[in-house]
1. Can you find, within the stretch 183-208, the residue that is nearest to A74 (Cα to Cα) among those that are free of Cβ contacts under 8 Å to residues at least 24 places away in the same chain and in a helix (DSSP H, G or I)?
2. Which of the residues belonging to the stretch 27-44 are open to solvent by 30 Å² or more (accessible area, probe 1.4 Å) and within 12 Å of G222 (Cβ to Cβ)?
3. May I ask you to list pairs of residues, at least six apart or on different chains, whose Cβ atoms are under 9 Å apart, with the first in the stretch 156-180 being closer than 21 Å to F61 by Cβ and the second being assigned to a loop (DSSP other than H, G, I, E, B) and open to solvent by 70 Å² or more (accessible area, probe 1.4 Å)?
4. When residues of the stretch 209-228 are filtered for being outside any helix (DSSP H, G or I) and either surrounded by fewer than 16 Cβ atoms within 10 Å (Cβ to Cβ) or within 17 Å of the chain's Cα centre (by Cα) (or both), how many remain?
5. Being closer than 21 Å to W108 by Cα and modelled with pLDDT of 70 or more is the filter here, so list the residues in the stretch 258-278 that pass it.
6. Name the helices (runs of 4 or more DSSP H) wholly inside the stretch 1-105 in which the number of residues that are modelled with pLDDT under 95 and out of contact with any Cys (no Cβ under 8 Å at 6 or more places or on another chain) is 2 or more.
Amino acid sequence: MNGVSPKVLGLLAALTLVWGTNWPLFRIALDELPVLTFRTLVLVTGTATLGAILLVRRESFVVPPGRWPALIVASMMNLLIWNIATSLAVLYIPSGHASVLAYTMPLWVALIGFVAFGQRLTGRLLTAILIGAAAVAALMAPNFVTYAKAPLGLFWGLFAGFCWAVGTFVVKRTSWPGMGLSLTFWQVLISVPPVLIGAVIFDGLPERWPSAKALIATIYTGAIPMALGTAAWFALVKLLPTQVAALSSIAIPIVAIVSGVVLLDEPLSLLQAIAIASTVVSLWLALTPGQKR
């Protein structure tokens, strides 16, 4: 693989920071808002933000012919299920731990790519994936008791990672002629009605306004991580090979854990420090070219 450009590295760094620091905000918002209500507000904010940017930049909203089925599946996997599953996981286990489970996505990508598409891994990339898997295991190890006490948190976190992997393949293996930011806009918009209906049925109408802190966390989540972060992610998926794009996300739970420690006083262990070092090595192997023989 050729070296990754500074532009891609900068985009990856920004995405890692934005998505990683967002996980503790989930906990802040969900202390006052039901899951589906929170996600409805996030998705509506994200849709409005992306729509406004498209209008200002005068970009087309048109979906190419024959792409609606793939677009709907991508929206279900990348946005709808992801948003609900990760929110449910945070209800049962600490936010940093939930992020680790959700970001097992690179491992699912490697498995799906091998089984479903016959994708072969280079020795360098396979080593990066194995080191990344070791980092994930190190992050999970201190929390096995938590998972045993809250198996639903374990399930929802892993399920989110699996669905995200499927959605990544749908986006990567489909041609989207003429679609830039609108690809993200439509995926977010498609997710709004089912989540909104679920919020009305299961959560009911809010009886009181949440605090300013919870509202700010919710609006920020919709405008920045949801709208701009998701758009950045799909740009990376287009620019990088599927396995490399997936593996690049493995640094995000590191930022999530550190954010949880700083903002929510969540625990930090020696194994998690080891995982940080392993993640750095894994990313270095995945994002830098090997020596040519």
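1. Checked the stretch 183-208; the qualifying residue nearest to A74 (Cα to Cα) is P193.
2. L41, V44
3. G178/V62; M179/V62
4. The total comes to 2.
5. Of everything in the stretch 258-278, those that are closer than 21 Å to W108 by Cα and modelled with pLDDT of 70 or more turn out to be A275, S278.
6. Hits in the stretch 1-105: 6-30, 35-57, 81-92, 95-102.
Each row is one residue, and each column tells you yes or no for (1) under 22 Å from the mean Cα position of the chain (by Cα); (2) surrounded by 15 or more Cβ atoms within 10 Å (Cβ to Cβ).
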position: R120; (1), (2): no, no
position: A148; (1), (2): no, no
position: W156; (1), (2): yes, yes
position: V166; (1), (2): yes, yes
position: R173; (1), (2): yes, no
position: L196; (1), (2): yes, yes
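The values are calculated or read from the model by the stated rules, or taken from the named source; none is laboratory data. Computed from a prediction, not measured in an experiment: that's the story for all the values here. Note that we place each Cβ from the backbone using ideal geometry, even for glycine, and neighbour counts take in every protein chain shown. Side chains are part of the model used for accessible areas, which takes the heavy atoms of the whole protein and leaves out ligands, DNA and RNA. Shrake-Rupley method; radii C 1.70, N 1.55, O 1.52, S 1.80 Å.
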